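Below is one structure, written out as C-alpha cells; comments come after it.
The values are calculated or read from the model by the stated rules, or taken from the named source; none is laboratory data. Predicted, not measured: the structure shown is a model, and the values here were computed from it. All Cβ positions, even for glycine, are placed from backbone atoms using ideal geometry, and neighbour counts span all protein chains on display.
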Amino acid sequence: MTSVLGTLLIGLIVGFIARALKPGDDKLGWIMTAILGVAGSFLAGYAGKALGWYQEGQVAGFMASIVGAVILLFVYALVKSKSGS
C-alpha cells in the first residue's frame, strides 16, 4: 500500500517536472499534468522493476518516471493534435 501512495506522490511531482521539461504549450491544466505524471510514474516504475533495471527507491526509478511522463505528454499532444481540438 505504501508503494502505491509513494508512486502517486512521486507521480504528482514528476508530472510538474516533465511539464517543465517538455517544449511547447499544450494548454494542460495542472490536474491533467498531474494525472499524466502519475501515469508516467506507474508506467516507468512497473516497467523498470519488471525488466530488472532498478529496485524500488532508487534514483533511477525517479528519473525513469520523469522520462515516462514526458513520453506520455508527447503522446497526449500527438493524439490531441490529430483529433483537431
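Values for this structure:
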read-out: Selection from the stretch 27-56 of residues that are modelled with pLDDT of 80 or more and not in a helix (DSSP H, G or I); value: L51, G52, W53
read-out: Scan of the stretch 35-54 for residues that are over 18 Å from L5 (Cβ atoms) and in contact with a helix residue (DSSP H, G or I) (Cβ under 7 Å, 6 or more places away or on another chain), ordered by number; value: L36, G48, W53, Y54
read-out: Conditions (1) modelled with pLDDT of 80 or more; (2) outside any loop (DSSP other than H, G, I, E, B); (3) not basic (K, R); number of the one not met by V4; value: (1)
read-out: Cβ-Cβ under 8 Å pairs, at least 6 apart or on other chains, the stretch 24-38 side within 15 Å of I66 (Cα to Cα), far side outside any loop (DSSP other than H, G, I, E, B) and of a type in the set (S, T, N, Q); value: G37/S65; V38/T7
read-out: Extreme residue, surrounded by the most Cβ atoms within 10 Å (Cβ to Cβ), among residues of the stretch 9-26 that are outside any helix (DSSP H, G or I) and in contact with a helix residue (DSSP H, G or I) (Cβ under 9 Å, 6 or more places away or on another chain); value: K22
read-out: Single residue of the stretch 57-85 satisfying the filter (assigned to a loop (DSSP other than H, G, I, E, B) and polar (S, T, N, Q)) that is modelled with the lowest pLDDT; value: S85
